[in-house]
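Below is one structure, written out as structure tokens, with a few remarks after it.
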Amino acid sequence: MRGRGWQEVTSESAQPNEWDIHWCDREWLKENYDHTYFQEHVRICHFRNHYELTRKNLMVKNLRRMKKLVERENGKMSGQAFEFYPTTFELPSEYHIFVEEFKRFLGHIWIMKPVAKSQGKGIFLFKKLKDITDWKKGEYSANPDPSIPTPETYVVQRYIHNPYLINGRKFDIRVYVLVTSYNPLKAWLYRSGFARFSNQRYSLESIDDSYVHLTNVAIQKTAPDYDPEKGSKWSLQQLRRYLTARHGREAVDKTFSEMDNIFIKCLQSVQKVIINDKHCFEMYGFDILLDENLKPWLIEINASPSLTASSGEDYMLKYGLLTDVLNVIDLEGRLSGKEKRVGGFDLIWDDGQVMEDDSLWDAVCISSETPNSFLGCYNDDREEQLAKLYKSLALTKAKQSAAS
Ligand code: ADP
């Protein structure tokens, strides 16, 4: 931000609203949003009720509701487009439906996750109902004592037991999606991201071992032999190349287009619920797991994806990502508003799916059939693309002012 010539002000030194952007945390939002008047130009980095998508239980509730709605309108088959998250129940409220499901699929592994925690905290796997009834007794035993806080809400979710493995290790994928408006929905997908590998070889024998089953960096970095510069992260470009070499372009393109479907369906599921405010934007971190059939599964969506760098390469990724968030937000007013690519971000949804530019098709007035989505594709030219874009925008402005 300083590199852009911006100045930092603190809440003490700034006059009310004498600022342009606040990279606020969620606590600030909760305490201040409802009674702050934001001037026209001001931007903040969360929507008021972002948790509708980023709390594990609410995300599932919104997706289920949207699926039902779509099925009612377009028939049962259309609901299949929503089958990208593992079966999930909220506990304790859906305990009894969960038990029925558990009994239908005896032998399956389940994963318990506290809804309001992150970084793998409080997560455990289980196979027997007894493991959770013991837990249930401890956590949820009817407690008439009001001085004891009510127990935490959890989700229980089918464990994806057959993840895609590379060198015998499990990984999940972090993808960044920027929403600049919910009404109309406008979403940008960042080309780069990474796959986070677990430190230990995958096995179903030790379901208690977090180093094997949880791919969070916060967990993995506590492993005794963790080395951040070696092998714990791959760029999405590296992953896409690896998968393409093994499975061919068609299969991998299908996987990546299924991921696009996940991003869009999730955003649409809260489109009517999120309080749309032109001052707000949100950069989500989507966590996706591939299974052995290359099917992508949505694990969760983060409202404040970690911006801490774990290596030199990670620093470059996050520096470029944040720079391009600011470029899309465009407080400097350099863009025309018609851009489909700004640095590493591609516009994937603008009140409808955005298609790739294709001058040949444009020339004959037929739109291209290829979506404007390039996850895991070449991004080394992002600075060059920005320089060209700004140059051509400045030229157009200069021509316009000369003409007037
Ligand atoms: P947190 O918010 O604590 O990071 P996540 O839902 O992201 O919780 O889960 C943490 C990790 O656990 C994930 O990165 C993934 O490796 C693993 N995990 C979570 N849910 C599943 C699942 N349903 N199947 C397989 N692995 C999972």
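The values are calculated or read from the model by the stated rules, or taken from the named source; none is laboratory data. Note that the coordinates shown come from a computational prediction; the quantities given were computed from them, not determined experimentally. A quick note on method: Cβ atoms are made from the backbone with ideal geometry, for glycine too, and the neighbour counts reach across all protein chains shown. Side chains are part of the model used for accessible areas, which takes the heavy atoms of the whole protein and leaves out ligands, DNA and RNA. Shrake-Rupley method; radii C 1.70, N 1.55, O 1.52, S 1.80 Å.
Mind listing the phi-derived Karplus ³J(HN,Hα) values for the stretch 292-300, rounded to whole Hz, using 6.51, -1.76 and 1.60 with θ = phi - 60°, and x for any glycine or proline?
5, 9, 6, 7, x, 10, 7, 9, 6
If you add up the charges near residue 354, with Lys and Arg at +1 and Asp and Glu at -1, over every other residue whose beta carbon is less than 9 angstrom from its beta carbon, what do you get? Don't skip to the answer; put the middle values down first.
Working: positive: 340; negative: 346, 350, 356.
In short, -2.
Largest first, please: the extent of the C-alpha atoms of the stretch 1-50 along each principal axis, to the nearest Å.
31, 21, 20
In cubic angstrom, how much convex hull volume per residue do the alpha carbon atoms of the stretch 173-321 span?
That works out to 135 Å³ per residue.
I'd like the accessible area for residue 308, computed on protein heavy atoms only with a 1.4 Å probe and all protein chains in place. Round to 10 Å², please.
100 Å²
Cα extents of the stretch 147-250 along the three principal axes, largest first, in whole Å?
Result for the stretch 147-250: principal-axis Cα extents of 51, 43, 28 Å.
Put one equal scatterer on each alpha carbon of the stretch 1-115, apply the Debye formula with no solvent term, and list log10 I(q)/I(0) at q = 0.17 1/Å to two decimals.
Scattering profile of the stretch 1-115, log10 relative to I(0): -0.94.
Please report the carbon-and-sulfur percent of the accessible area for the stretch 1-65; probe 1.4 Å, protein heavy atoms only, DNA, RNA and ligands left out.
Details: 1900 of 4230 Å².
For the stretch 1-65, the apolar C and S fraction of the accessible surface comes to 45 percent.
Under 5 Å between amide H atoms, partner at least 5 residues away or on a different chain: which partners does residue 181 have, H built in plane at 1.01 Å?
Counting only residues 5 or more places away or on other chains, the set is 186.
Heavy atoms only, 1.4 Å probe, whole protein assembly: order 176, 226, 319 by accessible area, highest first. Mind dumping the intermediate values first?
Details: 176 0, 226 45, 319 135 Å².
Putting 176, 226, 319 in descending order of accessible area: 319, 226, 176.
What are the ³J(HN,Hα) couplings of the stretch 251-265, residue after residue, when phi is run through the Karplus curve with 6.51, -1.76, 1.60 and θ = phi - 60°? Round to Hz, x for glycine and proline.
Karplus-based 3J(HN,Hα) across the stretch 251-265 equals 5, 6, 4, 4, 4, 5, 6, 5, 5, 4, 4, 4, 4, 5, 4 Hz.
Pick from 373, 181, 118: which residue has the top mean-square fluctuation in a GNM of the chain where Cα pairs under 10 Å get a spring?
Highest fluctuation among the options: 118.
Hey, which of these cross-link pairs are over 22 Å Cα-Cα: 128/233; 121/221; 221/254; 56/272?
Numbers: 128/233 33 Å; 121/221 14 Å; 221/254 32 Å; 56/272 18 Å.
Beyond 22 Å: 128/233; 221/254.
Could you work out [θ]222 nm for the chain from helices alone, using -39500 (n - 2.57) per DSSP H run of at least four and dividing by all its residues? Round to the nearest 500 deg cm²/dmol.
-10500 deg cm²/dmol
Amide H neighbours of residue 164 under 5 Å, counting only residues 5+ apart in sequence or on other chains, H built in-plane at 1.01 Å?
290, 291, 292
Quick one: what are the phi-derived ³J(HN,Hα) couplings along the stretch 117-125, Karplus 6.51/-1.76/1.60 with θ = phi - 60°, whole Hz, x for glycine and proline?
Result, ordered by residue: 10, 9, 6, x, 5, x, 8, 8, 9 Hz.
In Å², what does the accessible area per residue of the chain work out to with a 1.4 Å probe?
Values: 21600 Å² over 404 residues.
Here the per-residue accessible area is 53 Å².
Which log10 I(q)/I(0) values, to two decimals, does the chain give at q = 0.07, 0.08, 0.14 Å⁻¹ under the Debye formula with one point per Cα?
Calculated log10 I(q)/I(0) at the listed q: -0.37, -0.48, -1.45.
Under a GNM of the chain (C-alpha, springs under 10 Å), which listed residue has the highest mean-square fluctuation: 102, 89, 256?
102
Per the 1.4 Å probe, what fraction of the accessible area of the stretch 230-330, in percent, lies on carbon and sulfur atoms?
On the way: 2170 of 4220 Å².
Answer for the stretch 230-330 is 51 percent, counting heavy atoms of protein chains only.
Which one, 389, 321, 347, has the greatest fluctuation when you compute a Gaussian network model over the chain with C-alpha springs under 10 angstrom?
389
Explain nothing, just the number: relative contact order of the chain, from Cα pairs under 8 Å at least 6 residues apart, as a whole percent.
Values: 595 pairs, mean separation 75.3, N = 404.
Worked out over the chain, it gives 19 percent.
Would you please give the residues with an amide H less than 5 Å from that of residue 348, counting only those at least 5 places away or on a separate chain, with H modeled from the backbone geometry?
Residues meeting the amide H criterion: 187, 188, 189.
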